[in-house]
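Novice: For reference, the structure I am asking about is given below.
The values are calculated or read from the model by the stated rules, or taken from the named source; none is laboratory data. Worth saying up front: this structure is predicted, and the values here are computed from it rather than measured. Neighbour counts are summed over all protein chains in view; Cβ atoms, including those assigned to glycine, are modelled from backbone coordinates with ideal geometry. The accessibility values were calculated without ligands, DNA or RNA, using every heavy atom of the protein model including side chains. Shrake-Rupley method; radii C 1.70, N 1.55, O 1.52, S 1.80 Å.
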Amino acid sequence: MNQTEPDFWVLEYVTITKDPRTGLVVAIGGTEQAADILQRTGGFLASPGPRGDYHRLPRGLPIEQQRLKATTASHALLAAGHSVHLDPALNMLAAPDGDRDAAVRYLTQLAERVSAAETSSKVAEVLTEVAAPVHGLLPLTREVIVRAWISASDLHGAAPGDEPDPIARLGSTANSLSEAARVILRARNHAARPAQPPATAPAPTPAAGRAQSPVSRRR
């Protein structure tokens, strides 16, 4: 039995992006209903093009206005059931420094977790996040330092062992991070052990009690 590919109405897909040549924010594709939404919610204007009509935002809008209108229009289209691709640079809900902000939040959460730890095993969990051999924070940071050392040496045209002192120290810094990770992992292993109950003094034996009886008899 021969299977045929399904039919996709490509023109019903809407792409909202910024044209690199003209700097215009354009919306390409879509039905008449999509065109209505673009015009009403995003303030897009219908324009004739060499391959058919398209929509664009008015010229001269500030960047933040472009992002706001493009984001508003895309969400209205999605809510109406249209398929939309929005250029990430125009998405007002995406933070420009999203990856960095996520990293800062992650480190802040680790600090809060270890501050609120009620058992040594909870401390060990945080130390694992910091120094785990493959995906721990310190090994990953060491990888960045090593690559920076190699790149800086290459860009300065230095042969191995002949780098300027500040660059050469990057190599020793990478070694220090490796040693720090080992120290933290040893502390993690110690913290992960079950806590031992405190030792208590042995109770006096009856014989010891009788040894003191002559003193009481003399009294």
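Novice: Return yes or no: is ARG169 within 16 Å of the chain's Cα centre (by Cα), part of a helix (DSSP H, G or I) and of a type in the set (Lys, Arg)?
Specialist: Values: within 16 Å of the chain's Cα centre (by Cα): no; part of a helix (DSSP H, G or I): yes; of a type in the set (Lys, Arg): yes.
In short, no.
Novice: For region 30-42, enumerate the residues that are of a type outside the set (Ser, Thr, Tyr), closer than 20 Å to ARG59 by Cα and crowded, with 17+ Cβ neighbours inside 10 Å.
Specialist: ALA35, ILE37, LEU38, GLY42 - these are the residues of region 30-42 that are of a type outside the set (Ser, Thr, Tyr), closer than 20 Å to ARG59 by Cα and crowded, with 17+ Cβ neighbours inside 10 Å.
Novice: Show the residue pairs meeting these rules: Cβ distance below 9 Å; 6+ apart or different chains; first residue within region 41-68 and over 16 Å from GLY29 (Cα atoms); second residue open to solvent by 60 Å² or more (accessible area, probe 1.4 Å) and assigned to a strand (DSSP E or B).
Specialist: Listed by first residue and then by second, the contacts come to PRO58/LEU45; GLN66/LYS18.
Novice: Which count do you get for residues in region 101-119 that are farther than 23 Å from HIS190 by Cβ and either acidic (Asp, Glu) or assigned to a loop (DSSP other than H, G, I, E, B) (or both)?
Specialist: Final tally of qualifying residues: 1.
Novice: If we keep just the residues of region 77-100 that are part of a helix (DSSP H, G or I) and not hydrophobic (A, V, I, L, M, F, W, C), which is most open to solvent (accessible area, probe 1.4 Å)? First the steps, then the outcome.
Specialist: Filtering region 77-100 for residues part of a helix (DSSP H, G or I) gives 77-79, 88-90, 98-100.
Filter once more, keeping what is not hydrophobic (A, V, I, L, M, F, W, C): 88, 98-100.
Working: PRO88: 93, GLY98: 27, ASP99: 139, ARG100: 160 Å².
So the residue we want is ARG100.
Novice: Taking HIS156 and the conditions (1) open to solvent by 60 Å² or more (accessible area, probe 1.4 Å); (2) at pLDDT 65 or above; (3) within 26 Å of ALA117 (Cβ to Cβ), which numbered condition does it fall short on, given that it satisfies the others?
Specialist: (3)
Novice: Answer with yes or no whether VAL134 is of a type in the set (Val, Ile, Thr) and closer than 30 Å to GLU32 by Cβ.
Specialist: Against the criterion (of a type in the set (Val, Ile, Thr) and closer than 30 Å to GLU32 by Cβ), VAL134 does not qualify.
Novice: Let me ask something else. How about region 58-76: which of its residues are surrounded by 14 or more Cβ atoms within 10 Å (Cβ to Cβ) and out of contact with any Ser or Thr (no Cβ under 8 Å at 6 or more places or on another chain)?
Specialist: Within region 58-76, LEU61, GLN65, GLN66, ARG67, LEU68, LYS69, ALA70, THR71, SER74, HIS75 qualify.
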